[in-house]
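Below is one structure, written out as structure tokens, with a few remarks after it.
FYI, it's all coordinate maths here, none of it is from the lab. Quick caveat, the model's predicted, so the values are computed rather than measured. FYI the Cβ positions are ideal-geometry reconstructions off the backbone, even for glycines, and counts take in every protein chain you see.
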């Protein structure tokens, strides 16, 4: 099971190209912040390319537990390092490849030149302190904390200002976009748009900034604004905003989902359909989650689960994935047994979409059972079977298939 921060949102996982890395010397796994700090004090790393405040933010946001690293603020790396530099750092921390998209070489050169030439001054103490407190609150899941209110006030102040505020603008623009995605309302979205426009006018808005604002606009339901924004940046590599086919109105009280049309048009089309929740298994899934892809690979081959899911399951992804319709269309072509649909409104569902995979059973529109995990080795198969039997969809518990039917998967990408 995986829970993602906004910096690890679906756009990063789906849109990022796979990154080839040169062979690097093996490094010991770091089981504590002290071990990592000691290694960094004796070795060069991509973190040396980051300004001191960003390096400190990244290191302070890492979380270690009994089994090693468990919290990794990828969004900070993506804002400061190229794709290759970030991948090298993630390989050091994770001992494996991580296909996230960072700055282009040109963007990194432009950003670092602005700092070297004094055109981008360091952040102010009050903004940096507020940003750090807000990030700490997010890690503790204190979404409605005083720190969140403080960062909202600073975002509003910055949006109303026309002064050159250096790194304050970069930090608060990132915070504004994240806040607009977390709790979309007109004020937050407008603030995010305003700060992004100022950053863009200074030549300091990067492709990660463009992508995150597009996501925030889509999460807030501003499809036409997202479409115009995307068209204004033809070279940014943003996924196209799809065409929405709403010709067939939904019945009163129906829950809507977007079905991705299986055509070859340059811009995908999403058809609005009503999902039948009479007897339905809903799998909250993401092609960017290796646990989800393991489930999608194993379940169709299971002699009991396969036929049941073929008859009653809908694989569903968060509404923000509307920006990734082209990628999802390609996924569906490669995985016809587990084709993904897109939820139209998160508020219509009794679960969050950040945790994947989740297995939920509905009867007559009511959630009656849920199961919230799938290990990559398939070891959760019997627990899922038990839940489905409890829901009346299977009659008896049977053992899992042989281990060879559930090969370990180490990557959430195809």
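Taking 0.36 nm per intervening residue step and subtracting the Cα-Cα distance, what contour gain separates residue 182 from residue 351 on full extension?
On the way: separation 169, 0.36 × 169 = 60.84 nm, distance 1.50 nm.
Length difference between fully extended and current span is 59.3 nm.
Run the quick spin-label model on residue 244 and residue 390: label points 7 Å from Cα toward the beta carbon, then report their separation in nm to one decimal.
3.7 nm
Counting other beta carbons within 10 Å of each residue's own, what order do 80, 375, 125, 304 fall into, fewest first?
Values: 80 27, 375 15, 125 8, 304 19.
Ordered by Cβ neighbours within 10 Å, fewest first: 125, 375, 304, 80.
Under 1.5 on a/c is rounded, so check that first for the stretch 247-338, then, if it is not, pick prolate when a/b is larger than b/c and oblate when it is not; a ≥ b ≥ c are the square roots of the alpha carbon gyration tensor eigenvalues.
Numbers: a/c = 1.90, a/b = 1.17, b/c = 1.62.
Taking the square roots of the gyration eigenvalues as a ≥ b ≥ c, the stretch 247-338 is oblate.
Let me see the P(r) profile for the chain: every Cα-Cα distance counted, bins of 10 Å, each bin given as a percent of all pairs.
Taking every Cα pair in the chain, the percentages come to 4, 21, 30, 26, 15, 4, 0, 0.
In the chain, what % of DSSP beta bridges are antiparallel (nearest 5)? Intermediate results must be reported in sequence, preceding the final value.
On the way: 23 of 34 bridges.
Expressed as a percentage, antiparallel bridges in the chain total about 70.
Working out 0.36 nm times the residue gap between residue 110 and residue 271, then minus their Cα-Cα distance, what length gain in nm do you get to one decimal? Display every interim value, and only then the final one.
Details: separation 161, 0.36 × 161 = 57.96 nm, distance 4.15 nm.
Result: 53.8 nm gained on full extension.
Using per-residue counts of other Cβ atoms within 10 Å, averaged over each peptide, order 169-175, 240-246 from highest down. Write out the running numbers ahead of the final one.
Details: 169-175: 25.0, 240-246: 17.0.
Top of the packing list down: 169-175, 240-246.
Step by step: find N for the stretch 138-197, compute 2.2 N^0.38 Å, then divide the Cα radius of gyration by it. What's the final number?
That works out to 1.06 for the stretch 138-197.
For the stretch 310-352, just say rounded, prolate or oblate: build the C-alpha gyration tensor, square-root its eigenvalues into a ≥ b ≥ c, call rounded for a/c under 1.5, and beyond that prolate if a/b exceeds b/c, oblate if not. Please list the in-between numbers first.
Numbers: a/c = 3.54, a/b = 1.26, b/c = 2.81.
Verdict is oblate for the stretch 310-352.
Based on alpha-carbon atoms only, what is the radius of gyration of the stretch 125-231 relative to the globular estimate 2.2 N^0.38 Å? Show your work: numbers first, answer last.
Details: Rg = 13.1 Å, N = 107, 2.2 N^0.38 = 13.0 Å.
In units of the 2.2 N^0.38 Å rule of thumb, it is 1.01.
Grab every C-alpha pair in the stretch 24-168, bin the distances at 10 angstrom width from 0 up to the longest one, and report whole percents.
Spelled out per bin, shortest first, that is 10, 35, 36, 17, 2.
Working out 0.36 nm times the residue gap between residue 59 and residue 252, then minus their Cα-Cα distance, what length gain in nm do you get to one decimal?
On the way: separation 193, 0.36 × 193 = 69.48 nm, distance 5.07 nm.
The residue 59-residue 252 span can extend by a further 64.4 nm.
Could you order the peptides 59-70, 82-93 from most to least packed, using the average number of other C-beta atoms within 10 Å per residue?
On the way: 59-70: 13.2, 82-93: 20.5.
With the highest mean Cβ count within 10 Å placed first, the list reads 82-93, 59-70.
Counting residues in the stretch 256-405 as N, plug N into 2.2 N^0.38 Å and put the Cα Rg over that result. Display every interim value, and only then the final one.
Values: Rg = 14.9 Å, N = 150, 2.2 N^0.38 = 14.8 Å.
Against the empirical 2.2 N^0.38 Å value, I get 1.01 for the stretch 256-405.
In nm², what is the average projected area of the convex hull enclosing the Cα atoms of the stretch 242-297?
Seen from a random direction, the Cα hull of the stretch 242-297 projects 5.4 nm² on average.
Counting alpha carbon pairs within less than 8 Å and at least 6 residues apart, what relative contact order, in whole percent, applies to the chain? Let's see the in-between values first.
Values: 642 pairs, mean separation 60.0, N = 414.
That works out to 14 percent.
Under 17 Å from a point 7 Å along the Cα-to-Cβ line of residue 228: which residues of the stretch 251-280 have their amide N that close?
Answer for this model: none.
Calculate the translational D of the stretch 180-311 in whole µm² s⁻¹ from Stokes-Einstein, where the hydrodynamic radius comes from the Kirkwood formula applied to all Cα pairs, the temperature is 25 °C and the viscosity 0.890 mPa s. Walk me through the intermediate numbers first.
Working: Rh = 17.8 Å.
Translational diffusion coefficient: 138 µm²/s.
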